[in-house]
Structure formats: C-alpha cells, structure tokens
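Here's the structure, in structure tokens; my notes come after.
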Amino acid sequence: MEKEMIRVVDTDGVELDVELISILEDKDENNKYLVYTKGETQKNGNLILYIAKIVIAGNSYVLENVDDDTEWGNVKRIMSEIVSK
C-alpha cells in the first residue's frame, strides 16, 4: 500500500510532510480529525500517531489540538467503533 503524504504547517509556521493515516468523522458533533504520523516510532517499534481536529478557516484548513476531555472521549469512541467493525 502506497503512503499518502500531505503537507501541514505547525504552530511555528514550519511546513512538515506527514503520512496521512485516516480522517475520523464525528457525525454527532459535526467534527473531523486528521490522524497522521511523522514516521517516528516508540522504543517498542510501534508507530507514533498524532490526532488533530480539522477546522475550516477561510479558504484553508487549520489543525487544532484536542484539549477538551469530552472531545477526546468522542475521538476515542470513534476509534473504538472502527476497531470493532
């Protein structure tokens, strides 16, 4: 399977090429989340994943951290639903 690479800009304005893993959608809250990796691995070899909320800002998309416990619970619920299918 070929990796799908996308370019994101971090909070410091630095452009990063990252691998798109998935886009999660919370239909109840009308939110979307980007799941991506920078190719980093943990000591045990597992790939480190990042999740960010996708927000429309004018003609572009902005990634925001998921800091709210309730929202993070919704993200975990979506991931659990995917895994249980």
> Gain in length, Ser84 to Asp10, computed as 0.36 nm per residue apart minus the alpha-carbon separation, to one decimal in nm?
Replying inline: 23.4 nm
> With the contact rule set at Cα under 8 Å and sequence spacing of 6 or more, what percent relative contact order holds for region 1-41?
Replying inline: 31 percent
> Along region 52-68, what does the Karplus equation 6.51 cos²θ - 1.76 cosθ + 1.60 (θ = phi - 60°) give for ³J(HN,Hα), rounded to whole Hz, x for Gly and Pro?
Replying inline: 9, 6, 9, 10, 7, 10, x, 9, 9, 10, 10, 9, 10, 5, 9, 9, 7
>> With a 1.4 Å probe and all protein chains kept in place, how much accessible area does Glu4 have, in Å² rounded to the nearest 10?
In response: 100 Å²
> How high is the relative contact order of the chain, in percent, counting Cα pairs under 8 Å that sit 6 or more residues apart?
Replying inline: 18 percent
> Accessible area, 1.4 Å probe, largest first: how do Tyr33, Tyr61, Tyr50 sort?
Replying inline: Tyr61, Tyr50, Tyr33
> Is the chain best put as rounded, prolate or oblate by its Cα gyration tensor, with a ≥ b ≥ c the root eigenvalues, rounded for a/c under 1.5, and otherwise prolate when a/b is larger than b/c, oblate when not?
Replying inline: oblate
>> Calculate the FRET efficiency for Ile23 and Lys43 from the Cβ-Cβ distance with a Förster distance of 41 Å, rounded to the nearest 0.05.
In response: 0.90
> For the chain: lysine pairs with Cα atoms under 19 Å, gap of 8 or more or different chains, count?
Replying inline: 9
> What whole-number value in Å² describes the accessible area per residue of the chain for a 1.4 Å probe?
Replying inline: 79 Å²
> To the nearest 10 Å², what's Ile82's accessible area with a 1.4 Å probe?
Replying inline: 90 Å²
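The values are calculated or read from the model by the stated rules, or taken from the named source; none is laboratory data. All figures in this text were calculated on a predicted structure; none of them were measured in a lab. Cβ coordinates were reconstructed from backbone atoms using ideal geometry, including for glycine residues, and neighbour counts include every protein chain displayed. Side chains included, ligands, DNA and RNA excluded: accessible areas come from the protein's heavy atoms. Shrake-Rupley method; radii C 1.70, N 1.55, O 1.52, S 1.80 Å.
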